[in-house]
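Since the structure comes first, as structure tokens, the remarks are kept for the end.
The values are calculated or read from the model by the stated rules, or taken from the named source; none is laboratory data. Note that the coordinates shown come from a computational prediction; the quantities given were computed from them, not determined experimentally. When we count neighbours, we look across all protein chains shown, and the Cβ atoms used for this are built from the backbone with ideal geometry, even at glycine. These accessible areas exclude ligands, DNA and RNA; they are computed on the full protein's heavy atoms, side chains included. Shrake-Rupley method; radii C 1.70, N 1.55, O 1.52, S 1.80 Å.
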Amino acid sequence: MRTAMTSIISKNQIKPDLYSHSSGNNNYQNLIEFANNQSKLYCEVNPVSNRKLKGQIFTPPKIASFMAGLFTSQNKKISILDPGAGTGILVAALCDRFIQENRRNLDISIHVYENDKNVLPFLQSTLDACKNSLNEIGCSMEYQIFDNDFILHHAEVERSDGLTVYSLDLSTRYDLIISNPPYYKLNKSSPEALALQRYVYGQPNIYAFFMLLSGMLLSEKGEMVFITPRSFCSGLYYSKIRRWFVNTLTLDRLHLFETRKDIFVDDKILQENLIFHATSVQPKSNGKTLISVSYDRQFTQYQELTVPSSDVAYCRGDDCYIRIPISESDLKIIEIVDSWPQSLNVLGFEISTGPVVDFRAMKHLRATLENSNCVPLFWMHNIKGTDVEWSIGKNGKATAIEINPESKNLVVPTRNYVVLKRFTSKEQKKRVHAAVLNAEDFSKFEFIGLENHLNYIHKNRSLMTLDEAYGISALLNTTIIDQYFRALNGNTQVNATDIRSLSLPDYDKIIAIGKLARKKHLDPKFDCDEAI
Ligand SMILES: C[S@@+](CC[C@H](N)C(=O)[O-])C[C@H]1O[C@@H](n2cnc3c(N)ncnc32)[C@H](O)[C@@H]1O
């Protein structure tokens, strides 16, 4: 049911602060500080464990102020939305900016959504403080608090012939949307996921739905500023949302927190975060994006770089990515990789994930090759340098898998493969770690097992030659590809999809690299970059 409210009766033990700007008794320097104090009061009675379940992490003042500073609109009449408002610090930061800039005679309408009843009195105090302060400089301000679910509020439900059909109500549009959305996973069959079904791939996360729906609710030339995890920029899960985003909005501004540990330090939650500003305008082919980086929430070591927007929001066929180059050299690398004309699929290769999931295949796993039905099993720890070494053991893990009618689909034919670690640790020098599995080394086995933390590249219709395998592996191990992946995603996971849509040089070049890599491969000083 849709409800909007402008007054709330607090059931909380701790009462929100009252803000009086004109009385001279004002204890707060500004509205942001006031809202931040509301967050502190609220957090005193709501432990982080409770808040985490609701995706409730409040934005620190410096970040709120930075985000509010990214809007460019100079309109007099402004409609504003914060779709998961908490104690209202983001709206407070925006109102504070209008006051600091002495923007008189503004006509402001604010809608906020917050589905946690406990936080509503604090939110209302902040909004009252905003209203009072804006009125004092001659601006009119009205606000409405919607105490319900932001996504479901916009989902129209129709039932016909026993079927539930959802459509979206996008009738109310906003000029400025500011948000630090909640972060939690949703079930694929949840009403939120059904309402946005066209954009769901795999298990959805509420934050991406907040972004998507907000983008849809922008008025013409409307602007949105969000702080989100970086995960939506790459990978399969967010691919449909990303495609909509990249094709519909112009991403003019990105801020990346390079060392993210510090951002939400009070709540001890580690996130890889970025802030973006997007405008509801079709992206131009010659547009520019300003990217900034800082190393903590105090914005120390702040650096900026202006880059072609086409290097950031990038589509190859249906796959769209948001890449974040943070230096001239990242930019150069993106341009080199983009100039390569091929891809794995075009060259006739495919990448798959190792089919042996250890806990599911437990009853088929063996410590040794104990009978003639057993074949070698390879894990991430079997990748050593640019080779695959079966003899390396780790923590008593199984070294073999027994083939039987139940497990026969878990093994793959013994062929040349390029094997890649799906996960690398933060400490590891490179994001992508590839090695060659040489079929000759295991020729007495018809099949082998590849554990699920490995991806492997193989040929669709024929056998991969060693020149091909060494060429692809050497290329993937270069600093160029490493730096490219760092600009592509902020995590240490290397997805098969990302490798699949990576641009590659022409086949002849891959073979030339492969021949060189094979010649040098027993040389301990061999360096893939030099080979390239
Ligand atoms: C990450 S917090 C951010 C709060 C505030 N905007 C800030 O920046 O400090 C997200 C807020 O959204 C609220 N929330 C979670 N799910 C929601 C939903 N489906 N609809 C509306 N609000 C929601 C949470 O209770 C929480 O207060």
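Picking from residues in segment 298-326 that are outside any strand (DSSP E or B) and open to solvent by 40 Å² or more (accessible area, probe 1.4 Å), the one that is farthest from THR59 (Cα to Cα) is GLY317. Scanning segment 52-79 for residues that are farther than 19 Å from SER280 by Cβ, within 14 Å of the ligand (Cβ to nearest atom) and either over 21 Å from the mean Cα position of the chain (by Cα) or outside the structural domain of GLU223 (by TED's automatic domain parsing) (or both) returns PRO61, LYS62, SER65.
The C-beta contact set for segment 82-106 (first residue over 21 Å from SER39 (Cβ atoms), second residue away from the ligand (no atom under 11 Å from the Cβ) and among the polar types (S, T, N, Q), distance under 8 angstrom, 6+ apart or interchain) comprises LEU106/SER140. Residue pairs whose Cβ atoms lie under 8 Å apart, separated by 6 or more positions or on different chains, with the first residue in segment 354-367 and among the β-branched types (Val, Ile, Thr) and the second open to solvent by 20 Å² or more (accessible area, probe 1.4 Å) and assigned to a loop (DSSP other than H, G, I, E, B), are VAL356/ASN452; VAL357/ASN452. Taken over segment 374-431, residues that are of a type in the set (A, V, I, L, M), assigned to a strand (DSSP E or B) and under 34 Å from the mean Cα position of the chain (by Cα) amount to 8. Residue pairs whose Cβ atoms lie under 9 Å apart, sitting 6 or more positions apart in sequence or on different chains, and linking a residue in segment 107-128 that is touching a residue at least 12 places away in the same chain (Cβ under 8 Å) and within 9 Å of the ligand (Cβ to nearest atom) to a partner that is open to solvent by 10 Å² or more (accessible area, probe 1.4 Å) and acidic (Asp, Glu), are TYR113/ASP147; TYR113/ASP149; GLU114/ASP147; ASN115/ASP147; ASN115/ASP149; ASP116/ASP147; LEU123/GLU114. Within segment 80-88, is there a residue that is away from the ligand (no atom under 14 Å from the Cβ) and touching a strand residue (DSSP E or B) at 6+ places or on another chain (Cβ under 9 Å)? So far as segment 80-88 goes, no, none of its residues is away from the ligand (no atom under 14 Å from the Cβ) and touching a strand residue (DSSP E or B) at 6+ places or on another chain (Cβ under 9 Å). Taking the stated definitions as given, is ASP82 surrounded by 24 or more Cβ atoms within 10 Å (Cβ to Cβ) and among the charged types (D, E, K, R)? So ASP82 fits the description; yes.
Report yes if SER219 is over 22 Å from PHE71 (Cβ atoms) and open to solvent by 20 Å² or more (accessible area, probe 1.4 Å), otherwise no. Here the answer is no, as SER219 does not meet what is asked. So which residues in segment 155-176 are at pLDDT 80 or above, loosely packed, with under 10 Cβ neighbours inside 10 Å and over 29 Å from the mean Cα position of the chain (by Cα), if there are any at all? Within segment 155-176, just GLU158 meets the criteria. Evaluating GLU468 against the criteria (1) modelled with pLDDT under 95; (2) in contact with a Lys or Arg (Cβ under 9 Å, 6 or more places away or on another chain) leaves one unmet condition, (1). Go through segment 129-154 and report how many residues are among the polar types (S, T, N, Q), touching a residue at least 40 places away in the same chain (Cβ under 8 Å) and open to solvent by 50 Å² or more (accessible area, probe 1.4 Å). The number of residues fulfilling the criteria is 2. Among all positions in segment 99-109, there is at least one residue which is touching a Gly at 6+ places or on another chain (Cβ under 7 Å), surrounded by fewer than 17 Cβ atoms within 10 Å (Cβ to Cβ) and in the same structural domain as PHE226 (by TED's automatic domain parsing). Summed over segment 156-194, residues that are farther than 24 Å from GLY88 by Cα and either within 9 Å of the ligand (Cβ to nearest atom) or part of a strand (DSSP E or B) (or both) total 11.
Scan segment 184-196 residue by residue and report those that are open to solvent by 30 Å² or more (accessible area, probe 1.4 Å), closer than 22 Å to PRO229 by Cα and out of contact with any Lys or Arg (no Cβ under 9 Å at 6 or more places or on another chain). Listed by number, the residues that qualify are LYS185, ASN187, LYS188. Across segment 19-36, the qualifying residues are those that are more than 18 Å from ALA68 (Cα to Cα) and modelled with pLDDT of 55 or more, and the one among them that is farthest from the ligand (Cβ to nearest atom) is ASN27.
Of all residues in segment 289-304, at least one satisfies being aromatic (Phe, Trp, Tyr) and out of contact with any strand residue (DSSP E or B) (no Cβ under 6 Å at 6 or more places or on another chain). Checking SER407, SER391 one by one, the residue that is over 30 Å from ILE291 (Cα atoms), of a type in the set (Ser, Thr, Tyr) and without any contact (Cβ under 8 Å) to a residue 12 or more places away in the chain is SER391 and no other.
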